[in-house]
1. Looking only at region 115-137, filter to residues that are of a type in the set (Asp, Glu) and within 20 Å of MET37 (Cα to Cα); which one of those is surrounded by the most Cβ atoms within 10 Å (Cβ to Cβ)?
2. I'm told SER66 meets every condition in (1) surrounded by fewer than 13 Cβ atoms within 10 Å (Cβ to Cβ); (2) touching a Pro at 6+ places or on another chain (Cβ under 8 Å) except one. Can you identify the failing condition by its number?
3. Scan the helices (runs of 4 or more DSSP H) fully inside region 51-133 and keep the ones with 3 or more residues being among the charged types (D, E, K, R).
4. Failed condition for ARG229, given (1) free of Cβ contacts under 8 Å to residues at least 60 places away in the same chain; (2) farther than 16 Å from PRO210 by Cα, with all others met?
5. Applying the selection to region 232-249, what residues are assigned to a loop (DSSP other than H, G, I, E, B) and either surrounded by 14 or more Cβ atoms within 10 Å (Cβ to Cβ) or at pLDDT 85 or above (or both)?
6. Condition first: polar (S, T, N, Q) and either touching a helix residue (DSSP H, G or I) at 6+ places or on another chain (Cβ under 8 Å) or touching a residue at least 60 places away in the same chain (Cβ under 8 Å) (or both). Can you find one or more residues in region 208-220 that meet it?
7. Could you grab me the full set of residues in region 250-280 that are over 30 Å from ILE172 (Cβ atoms) and either assigned to a strand (DSSP E or B) or modelled with pLDDT of 85 or more (or both)?
8. Out of curiosity, is ARG13 part of a helix (DSSP H, G or I), more than 21 Å from ALA111 (Cβ to Cβ) and either modelled with pLDDT under 95 or assigned by TED's automatic domain parsing to the domain that holds SER121 (or both)?
Amino acid sequence: MHRRWLHFLPLHRIVGKPTMIVVAVQGPPVLPILPTMSTLSINCLFLGGDSSEVFTVKILETENVSILKRLIKEEQSHRLNHVDASELTAWKVSLPVDTITPELTVDDVEAQKLHPVKKISSIFVEDEVDEHVHILVQAPAADSNLSDLSKADDELTLFCWVLNVSDEPFSIDIGKSKTVDHLKNMIKKKKERTFAGIEADTLSLWKLSPPIPSAEIGTKLRDVQSPQRIPGCVKLNAMDKLSKHFSPTWDEHLHIIVEAPPTRKSFSTSQTISLILFRGPGYQRCRRRGEERSDPCLA
């Protein structure tokens, strides 16, 4: 719309009648004044996280909560790639960052659950404190799917082989966060008959580096008497986390050699040596397999 300036000319008599002549002169165009749209920086946090996990999304105040959820999903795509934005739950809060703990729940604070169609401008009426958390977020089922993914990422399948016992390897499923000592206990439990009478902590575990393909186990380990003779074989410390040594593992390969401690040679009943000590001066009689002989007594 253009504003027009009207100039009035003096009255004149035209055809005997007083007349007013109006002349319209066009001035410069005036643009309409549009409402300004503000962009808000909103600090968000997933329930169960700590202050180091706070992240910020920028959104126009004319947008709604549904779009806010979409922006949160984009910002945290690495942890929400399995979740639809509409499945997220959001609460409006105002929490100092230094009060955030992983144990925090929405029941502990003043929180307003947000409806997807609610306008951002109606939620943040007043200026928010920059260093506060403004939105708490929760993924569906209390992040159960995220936990399942995390658990799957943590799991290892290690193929083990007992030195001088069998050519057949066996598998152990264990978390990367567990220690070598945990692995020893699981091996002992799985091979209880093989290691009967042997404590789990006395087992020695050797890591093969590189692992041996399953098809080559019989040929490469057939005559091995000690893991120390295998190039690249390293003895594992009981306190080490498995993630230090195995991330990731190779499928269809042997990863671990299990070495049992040397044991004393056992004798059957027929081989038992019976020593009969007599009080006679200077002699002992030894009976073995029904044979008797006299030897000087060892003082």
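1. GLU128
2. Checking SER66 against (1) surrounded by fewer than 13 Cβ atoms within 10 Å (Cβ to Cβ); (2) touching a Pro at 6+ places or on another chain (Cβ under 8 Å), the one that fails is (1).
3. 65-75
4. It fails just one condition, (2).
5. CYS233, LEU236, ASN237, ALA238, MET239, ASP240, HIS245, PHE246, THR249
6. no
7. Residues satisfying the conditions are SER274, LEU275, ILE276, LEU277.
8. No.
The values are calculated or read from the model by the stated rules, or taken from the named source; none is laboratory data. Model, not experiment: these values are computed from the prediction. Quick reminder, even Gly has a Cβ in these numbers, built from the backbone with ideal geometry, and neighbours come from all protein chains shown.
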